[in-house]
Ligand SMILES: [Zn+2]
């Protein structure tokens, strides 16, 4: 099952991901396959987008004593 990774600001499609792999496509047929977490700058509006990956959207935080 594929999921679309879209820019949080303008909604531009940044890539498609499913499972452990993220496929980022650029112009002219360039394509990158990366793991998580991933970051990409939107080529439309320049916003930095972060994708923690499936099941990691809400990483557990260690409750510090300080
Ligand atoms: Zn954008």
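Summary table
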| item | result |
| --- | --- |
| Relative contact order %, region 3-51, counting alpha carbon pairs below 8 Å whose residues are six or more apart | 29 percent |
| Kirkwood Rh in Å, taken over all unlike Cα pairs in region 3-51 | 10.8 Å |
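The numbers here are math on the coordinates, done by the rules we state, and not lab data. Predicted model, so just to flag it, every value in this text is computed and none were measured.
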